[in-house]
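Taking it in order: structure first as structure tokens, then the write-up.
The values are calculated or read from the model by the stated rules, or taken from the named source; none is laboratory data. These numbers were taken from a predicted model, which means no experiment stands behind them. All Cβ positions, glycine included, derive from the backbone under ideal geometry; neighbour counts span all protein chains shown.
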Amino acid sequence: MRIILVCSAGMSTSLLATKMTLVARERGLDVSIEAMSTSALGNAEWQNADVVLVGPQMRHQLPMLVLKGAEFQVPVAAIPPQVYALGNGLQLLEQALALKI
């Protein structure tokens, strides 16, 4: 499963990606989690993504990203501000897994 976290530059979500990866490894899950900027999210990334999660600072782009996700049959959701602020990798991983069911 490939999870992509997007924000304005891909930097603030990289910490969350690291925390999610650690939780996934502890659980023995085969996931790839990557952080990137919304501008880096091209067709190749969409084609290989299973879930895209959007940082709170990019919520204004959520409707456009949801439409793009629908084009590629990829669920897109906002990262809850509390999860983002606390860097809760477990909760965010659970959100991503629930979207893919």
Considering only residues of the stretch 42-61 that are within 22 Å of V83 (Cα to Cα) and either of a type outside the set (A, V, I, L, M) or at pLDDT below 95 (or both), which is surrounded by the most Cβ atoms within 10 Å (Cβ to Cβ)?
-> G55
Which condition does V74 not pass, out of (1) modelled with pLDDT under 95; (2) crowded, with 17+ Cβ neighbours inside 10 Å, if it passes all the others?
-> (1)
Looking at the stretch 23-39, which of the residues that are part of a helix (DSSP H, G or I) and not β-branched (V, I, T) is modelled with the lowest pLDDT?
-> S39
When the stretch 23-37 is checked residue by residue, the ones that are surrounded by fewer than 18 Cβ atoms within 10 Å (Cβ to Cβ) and either in contact with a Cys (Cβ under 8 Å, 6 or more places away or on another chain) or closer than 18 Å to A85 by Cα (or both) are S37
Per-region count, the stretch 45-84, residues under 15 Å from V6 (Cα atoms), part of a helix (DSSP H, G or I) and small (G, A, S) = 1
